[in-house]
Amino acid sequence: MTDAPTIGGFVLGEEIHRGGMASLRAATHPDHPGPILLKLPKLAGGEDPAAIVGFEMEQMILPRLTGPHVPRCHGIGHDPMPFIAMERIEATSLLPLLERLPRPIEEVVAIAAAVADALDSLHRQGVVHLDIKPSNILRRADGQVVLVDFGLSHHAELPDLMAEEFRLPYGTAPYMAPEQIMGIRGDPASDLFALGCLMYFFTTGRRPFGDPQRLKGLKRRLWWDPVPPRALRPDCPPWLQETILRCLEVAPAARHGSAAQLGFDLRHPAQVGLTQRAERLARDPWTTRLRRRFNPDHQPRLARSIAAPQEDAPIIAVAIDLDATTPAMAEALRSMVRQVLATVPGARVACLNVLRTRLLLPDAETDAGGHNRHLQRLLDLRHWSTPLALPDQRLTHHVLEATGPAAALLDYAAQNRVDHIILGARADGLGRRVLGSVSAEVARDAPCSVTVVRVR
Amino acid sequence: MRIALLADIHANLEALDACLAHAAAQRVERLVFLGDLVGYGADPVAVLDRIRPLLDAGALALRGNHDEAALFGPTGFSTDAATAARWTAAQLDAPARALLEALPLTINEDDRLYTHADASNPADFRYVTDERSARRSLGGTAARLTFCGHTHDPMLFGLGAADRLALHRPPADVPMPLLPSRRWLAVIGAVGQPRDGNPAACYGLLDTTAATCAWMRLPYDIAKAAAKIRAAGLPPRLADRLFEGL
């Protein structure tokens, strides 16, 4: 019997993958049940220095990441050679999908929403991936996405060895954001740009900026706008074009405020605020492009930093109990929303109302007077929010049909990565004593901050 | 093993006690005092009395330029620093002087070098403040990891395979990875007189197993330490600066 080779206590198995910068081997370890991957850098002669530095970056970043959207790190080591031991994810990457493009619209949207969830989790941990592309996105059987390969990533708190060692930008040409090409690392919006490229590619079958091999070709995307997706794919809905082209905005600040906000749009197509982006069927005229080309002001600048990841662009949900809200409570809720918006101008507001459905009796869609109840609720919500004077892109309205208001609000908050729930306290009375307080239940179980507003 | 690195205590008993209590709660197994135990602050004898039993129990301590000035007189000091050094010298009793006289300038331990200042010439007490001075210090030792103080300003320098040196400003309380593939020079901020704009006491928490070092920042009773400085008749500026961390 021959002993299998080991590195740092990990028993090596077969080689799974050999890439340009590292190889992956199956491994096992007595202390870590389940399949393990060992990543080993290619250190043979003539190696790319970026391969070594990228490996060092991943050795620093991966052990600090948590959650379902990254492989769990089982350890790193350097003796007798550098390695990273991680959970082997039972999932395939998006790479095989490229063989059959374009993809169905629903599939593009579902994948993009799952990637946005993963990016939201990553960005909240202070990390920008900076190499989002099909081969680095694994999809589990249930659709959940796991991101891999953090060799080019930027961590807000750790030394950025890539930035120190290399003057030229590193990344994958078709997916690199303009600011990344200009050497700016650390803006989470760069990952949204890459996801926009992926959505465009999957929707149209064409890469929005091709696959340039030289810096000059890469820089073209600073002024050269891609053909609108609907010109290539007529059944691409306007809201999806709006979403894709917003991701592809040259200025990072013009893209979605956060990955969670992008995911929100992908899950609520009807609520996407449409601009002229949604209807365009042709690129800008060549004169416009040339003006951008030679305009020194048309250059992305690092105006934002990830040091406070995404804190400036939260999603705020306001629950309005239309049946019981007094004018005083309605104004108190608006006042609280205004206070929050004053401190975080990038926030977006989702106005929620729960329409109770009965378990046994199917509800009539129209009430005794013949009004559509759901529609009426939406109109009531809009009426409530009008004084806030928020633009469509930052304000949405949702009527949730459910049997229990607290559970509906909690589900909504979890699914949509809501950062802050604002709701009114129920007035004293029989209802509160018998049914308990919705606000108390929400405050106890919410996955985020909760503000309970009281009229005084 | 967890090691607490305490630099530039400067006779600030309140700051020292805050750091020692925190380090104990972190289950630190070893204490290393990176020099300048005294000078500036009002408690030189009390600080040395606190440190003496720790040394007997295995802690390491180095000599800094202010320790030397308290023994042999200040040279090249600012007016306030020289005033404080002469005041300190007058406070020291025989056991305190004996403790300071016995301190070495550097200590090597495994792949680590402890020094108060630039390692290329420890007796010269040169500052490590930028890439150039860091490179000079790294050139003066074969140790993979160097830990020093002296500047009262937290910094981390990393030297990569391609011989590129980079400066990082370590954030407070975050373990920074000291990758074994690189050489590192860690400038630990001051326990007793921070100068990076943050008045909180600073000490280094090194984890040799995880290969990380964190620059821990702790609140302490600044008002009490400052009041003692004023009461001792030391330059009032030395009390005021503790509140500003400058």
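Some observations on this one:
- Pair list, Cβ < 8 Å and 6+ apart or interchain, from the range B:144-166 residues that are charged (D, E, K, R) to residues that are not in a loop (DSSP other than H, G, I, E, B): B:Arg144/B:Arg112; B:Arg144/B:Arg183; B:Arg144/B:Trp184; B:Asp153/B:Val187; B:Arg164/A:Glu164; B:Arg164/A:Glu165
- Helices (runs of 4 or more DSSP H) within the range A:104-185 that include 2 or more residues modelled with pLDDT of 95 or more and of a type outside the set (Gly, Ala, Ser): A:105-124
- In summary, B:Asp163 fulfils each of the numbered conditions (1) charged (D, E, K, R); (2) closer than 21 Å to B:Thr212 by Cα; (3) within 14 Å of chain A (Cβ to nearest Cβ) with the single exception of condition (2).
- The lone exception for A:Pro80 - which of (1) away from chain B (no Cβ under 14 Å); (2) outside any helix (DSSP H, G or I) it fails: (1)
- Of the criteria (1) modelled with pLDDT of 90 or more; (2) of a type in the set (Ser, Thr, Tyr); (3) over 30 Å from A:Val109 (Cα atoms), which one A:Thr2 fails: (1)
- Among residues of the range A:156-191 being of a type in the set (Asp, Glu) and surrounded by fewer than 21 Cβ atoms within 10 Å (Cβ to Cβ), the one that is farthest from the other protein chains (Cβ to nearest Cβ) is A:Asp160.
- Being surrounded by 14 or more Cβ atoms within 10 Å (Cβ to Cβ) and not acidic (Asp, Glu) is true of A:Leu248.
- Condition broken by B:Ala166, with the remaining ones in (1) closer than 30 Å to B:Ala90 by Cβ; (2) of a type outside the set (Phe, Trp, Tyr); (3) touching a strand residue (DSSP E or B) at 6+ places or on another chain (Cβ under 8 Å); (4) not in a loop (DSSP other than H, G, I, E, B) satisfied: (1)
So that you can scan it fast, the table gives a plain yes or no per residue for (1) within 14 Å of another protein chain (Cβ to nearest Cβ); (2) out of contact with any His (no Cβ under 8 Å at 6 or more places or on another chain); (3) farther than 25 Å from B:His66 by Cα:
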| position | (1), (2), (3) |
| --- | --- |
| B:Arg132 | no, yes, no |
| B:Gly140 | no, yes, no |
| B:Arg144 | yes, yes, yes |
| B:Cys148 | no, no, no |
| B:Gly158 | yes, no, yes |
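Matching residues to (1) away from chain A (no Cβ under 14 Å); (2) more than 28 Å from A:Leu161 (Cβ to Cβ); (3) surrounded by fewer than 20 Cβ atoms within 10 Å (Cβ to Cβ):
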position: B:Ala172; (1), (2), (3): no, no, yes
position: B:Arg183; (1), (2), (3): no, no, no
position: B:Gly189; (1), (2), (3): yes, no, no
position: B:Gly197; (1), (2), (3): yes, no, yes
position: B:Ala227; (1), (2), (3): yes, yes, yes
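- Near pairs, Cβ below 8 angstrom, 6+ apart or cross-chain, from the range B:76-102 (more than 14 Å from B:Ala11 (Cα to Cα)) to any residue that is among the small types (Gly, Ala, Ser) and in a helix (DSSP H, G or I): B:Phe77/B:Ala69; B:Phe77/B:Ala85; B:Ala82/B:Ala69
- Within the range A:203-253, the set of residues being within 21 Å of the chain's Cα centre (by Cα), more than 18 Å from A:Val108 (Cβ to Cβ) and not in a helix (DSSP H, G or I) comprises A:Glu249, A:Val250, A:Ala251.
- Scope the range A:192-221; condition surrounded by fewer than 17 Cβ atoms within 10 Å (Cβ to Cβ) and among the polar types (S, T, N, Q); matching residues: A:Gln213
The values are calculated or read from the model by the stated rules, or taken from the named source; none is laboratory data. Computed from a prediction, not measured in an experiment: that's the story for all the values here. Cβ sites come from the backbone with ideal geometry, for glycine too, and all protein chains shown count toward neighbours.
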